[in-house]
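Colleague: Have a look at this one.
Each reported figure results from applying straightforward, stated rules to the coordinates on display, with no laboratory input. From a predicted model like this one, the values you see are computed outputs, not experimental measurements. Cβ: placed from backbone, ideal geometry, glycine included. Neighbour counts: every protein chain shown.
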Amino acid sequence: MSLHQEFRDNVQTIISRLVEKGALPEGLATNAVSVEPPRDSSHGDLSTNAAMVLAKPAKMKPRDIADLIKPELESLASVASVEIAGPGFINIRLEPGVWEDELRKAITLGVNYGDSKLGGGEKINVEFVSANPTGPMHVGHCRGAVFGDVLANMLAKAGFDVTREYYVNDAGGQITVLAKSALLRYREALGESIGEIPEGLYPGDYLVPVGQLLKSEHGAALGEKPESEQLEIVSTVATDAMLDLIREDLDALGITFDTFSSETSLHARKSIDSALAALNERGLIYEGILEPPKGKKPDDWEPREQTLFRSSQFGDDTDRPLKKSDGTWTYFAADIAYHDDKIKRGFSKMIDVWGADHGGYVKRMKAAVNAISNGDAELDVKLCQMVKLMRAGEPVKMSKRSGDFVTLREVVDEVGRDVVRFIMLTRKNDAPLDFDFAHVVEQTKDNPVFYVQYAHARVRSVMRKAAAEMPELDLSSSALAAAPVSLLEHSGERVLLAKIGDWPRSVEAAATSHEPHRIAFYLAELAAAFHAQWNQGTDDPNLRFLDAKNPDLSHARLALIQGVASVIASGLNLMGVTPVEEMR
């Protein structure tokens, strides 16, 4: 449990005690009560909104409630002082020993500092990437891949039982296009001149090996079969080849999955029929005619009777079709069955990571999950905006390999996995992201991945110097955890102590909100505080981490920066980024 969660529990206990005394009315909802660091650190170490949240339901003034809570907080041994600010915010200043104890935990636990039991082992399914198996992954997939992987890492660190899942869209029109494109490359492998790739087919060179594989397995015989048989054979071969390609791309990014689920298997197992039959039994499927789309009516729109799901009954804007005009199931029908399958596998909490172009699909999918689970399952959809590739400020041209986009692998091969993974989290997932090849490899403070890794490398450098110049100091974790850290009195040192102690809360907050970018932001702030203290020592010798004339203070400062390194390593591990020992 984080320090902040511990204090939230203390506030909850205080509120319950005040209710028992009759000082506060019964039945107050406290789920919105929070304990967080104040925006301005000069106001204290912690701040709670309890009085503000309870004022309206309690029919009392916020400051009157704050006056009740204040003495209760002051009675806690770890609290140095409590102040009421503004309309009723309660600011708490802790005893110095509290942050010093957090530093000792960080040193002792290392990268495991910040591990939480918040999730209580609850199962949660994180489905991400799920790129169509029609070619290599592009840089847009890259952002969703990193986002989903780090989100899964965070949830696991926060105590959830996480399953990483990839949904393979191996049915439908795009697979037919893939098969036709691969057949063209097969004819090319046989020596035929195919000329320009026809519009509508996949033009990338990545299908050339598939054509060669088909030639080696079938010779010229495949081309003598009816087209329907050709497409059936080639669909399987091409899809398997594309999945192998995708797995290689993911491996280059350091991402693995626990489960690959197939859309084709849903059709084969009649899962769509059974899932929709259950909805039909509840009167949630009907035959009807939809209203025309709002705004300009499409030229090809015509009113016709369709099989519809009562999506609007569960928060969607309109009811949704389940069958196409040819009588086959829509993608939405298959997605209902897929999420129904997740629920049957024991996942009442699900997170789907999609591209921003799927934003219009969110309401209907949430409505479907609500319906098939009778409101017992929860789906959170996170949308990732596209990535704009730049080189020294100019847009990057398309890839020869893919034909019409820059592949993920090309980006990773040029700048490295660490850079790609970190930069993908430097903006909130729903905000646009510029990726400039020149900027992301610069060794300057404006490059966040360099600045954070440099902080870790600087700590390791100081530790090596300490071992060489002050061999009498024991630099083992147990000895550093026992160092006299109460000697750390400089304001910059106290800022670092508090920032280290904020790591467990940051992990829980990022996991609860499903926002991995918070980890990158936190690490950037911690690195900035560390570099600032380093610079103070450059200007003032009395603030340097090593002072041969004062071994006790040196030991305390080494403990402090070891805590910084432990937390940076913990955060980078979550991000799948290497905490380097030295910069090269």
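Colleague: Mind ranking 450-458, 103-111 by how tightly packed they are, going by the mean number of other C-beta atoms within 10 angstrom, highest first?
Modeller: 450-458, 103-111
Colleague: Sort the following peptides by mean Cβ neighbour count (other Cβ atoms within 10 Å, averaged over residues), highest first: 264-275, 137-148.
Modeller: Details: 264-275: 16.6, 137-148: 25.2.
By packing density, highest mean first, the sequence is 137-148, 264-275.
Colleague: Excluding same-chain residues fewer than 8 positions from LYS61, which lysines have a Cα within less than 17 Å of its Cα?
Modeller: LYS61 reaches LYS70.
Colleague: Now for a separate question. In terms of modelled amide H atoms, which long-range or inter-chain residues lie less than 5 Å from the amide H of CYS384?
Modeller: Residues meeting the criterion, in which the H sits 1.01 Å from N, are TRP354, GLY355, ALA356.
Colleague: Whole Å is fine, so just give me how far the alpha carbon centre of region 324-384 lies from that of region 133-156.
Modeller: About 19 Å separates the Cα centre of region 324-384 from the one of region 133-156.
Colleague: I need the GluC sites (Glu not before Pro) found in region 127-194, filtered to DSSP loop residues with at most 11 other beta carbons within 10 Å of theirs. Before the final figure, lay out each step's value.
Modeller: On the way: sites: GLU127, GLU165, GLU188, GLU192; in loops: GLU192.
Here the sparse-neighbourhood loop sites are GLU192.
Colleague: Over 31 Å between Cα atoms, which of LYS397/LYS445; LYS56/LYS428; LYS59/LYS117; LYS323/LYS366 qualify? Could the numbers behind the result be given before it?
Modeller: Details: LYS397/LYS445 28 Å; LYS56/LYS428 33 Å; LYS59/LYS117 35 Å; LYS323/LYS366 19 Å.
The pairs that break the limit, which is 31 Å between Cα atoms, are LYS56/LYS428; LYS59/LYS117.
Colleague: Something else about it: What whole-number volume per residue, in cubic angstrom, does the convex hull of the C-alpha atoms of region 3-94 give?
Modeller: Details: hull volume 7.8 nm³, N = 92.
Hull volume over Cα atoms, normalised by residue count, gives 85 Å³.
Colleague: Which of the peptides 496-508, 66-78 is most tightly packed, and how do the rest follow, going by the mean number of other Cβ atoms within 10 Å of each residue? Numbers along the way, then the final one.
Modeller: Details: 496-508: 24.0, 66-78: 16.2.
Top to bottom by mean Cβ count within 10 Å: 496-508, 66-78.
Colleague: Sorted from largest to smallest, which semi-axis lengths in Å does the alpha carbon gyration tensor of region 319-442 give for its equivalent ellipsoid, taking the root of 5 times each eigenvalue? Before the final figure, lay out the partial values.
Modeller: Details: eigenvalues 263, 65, 32 Å².
Sorted largest first and rounded, they come to 36, 18, 13 Å.
Colleague: At 222 nm, what helix-only mean residue ellipticity would the chain give, in deg cm²/dmol to the nearest 500, using -39500 (n - 2.57) for each DSSP H run of four or more? Please list the in-between numbers first.
Modeller: Working: 20 runs with 282 residues, N = 584.
The per-residue figure over the chain is -15500 deg cm²/dmol.
Colleague: Please state the shape class of region 327-377: rounded when a/c is under 1.5, otherwise prolate if a/b exceeds b/c and oblate if not, all from the C-alpha gyration tensor.
Modeller: oblate
Colleague: Round to the nearest 10 and give me the degree value, 0 to 90, for the angle of helix 96-109's Cα axis relative to the longest principal axis of the chain.
Modeller: 50 degrees
Colleague: Compute the long axis of helix 331-344 from its Cα atoms, compare it with the longest principal axis of the Cα atoms of the chain, and write down the angle in degrees, 0 to 90, nearest 10.
Modeller: 50 degrees
Colleague: With a/c under 1.5 counting as rounded, go ahead and sort region 22-73 into rounded, prolate or oblate using the C-alpha gyration tensor (a ≥ b ≥ c being the square roots of the eigenvalues; past the cut-off, prolate if a/b is larger than b/c, else oblate). Don't skip to the answer; put the middle values down first.
Modeller: Numbers: a/c = 2.33, a/b = 1.78, b/c = 1.31.
Prolate.
Colleague: Pull up all non-local amide H partners of VAL396: gap of 5 or more, or a different chain, and H-to-H distance under 5 Å with H placed in the peptide plane.
Modeller: Correct list: LEU389, MET390, ARG391.
Colleague: Something else: Working from Cα positions, state the angle (0 to 90°, nearest 10) between the long axis of helix 227-252 and the longest principal axis of the chain.
Modeller: Tilt of helix 227-252: around 20 degrees.
Colleague: If you take every DSSP beta bridge fully contained in the chain, what fraction is antiparallel? Give it as a percent rounded to 5.
Modeller: Details: 21 of 44 bridges.
Here the share of antiparallel DSSP bridges comes out near 50 percent.
Colleague: Under 20 Å Cα-Cα from LYS294, which lysines qualify once same-chain neighbours fewer than 8 residues away are excluded?
Modeller: Reachable lysines: LYS363.
Colleague: Roughly what % of DSSP beta bridges within region 269-384 run antiparallel, to the nearest 5? Don't jump to the answer; show the numbers that get you there.
Modeller: Details: 7 of 14 bridges.
Taking every DSSP beta bridge with both residues in region 269-384, the antiparallel ones total about 50 percent.
Colleague: Name the shape class, rounded, prolate or oblate, that the alpha-carbon gyration tensor gives for region 269-384, where a ≥ b ≥ c are the square roots of its eigenvalues, rounded holds for a/c under 1.5, and otherwise prolate holds if a/b is larger than b/c and oblate otherwise. Mind dumping the intermediate values first?
Modeller: Numbers: a/c = 1.85, a/b = 1.31, b/c = 1.42.
Oblate.
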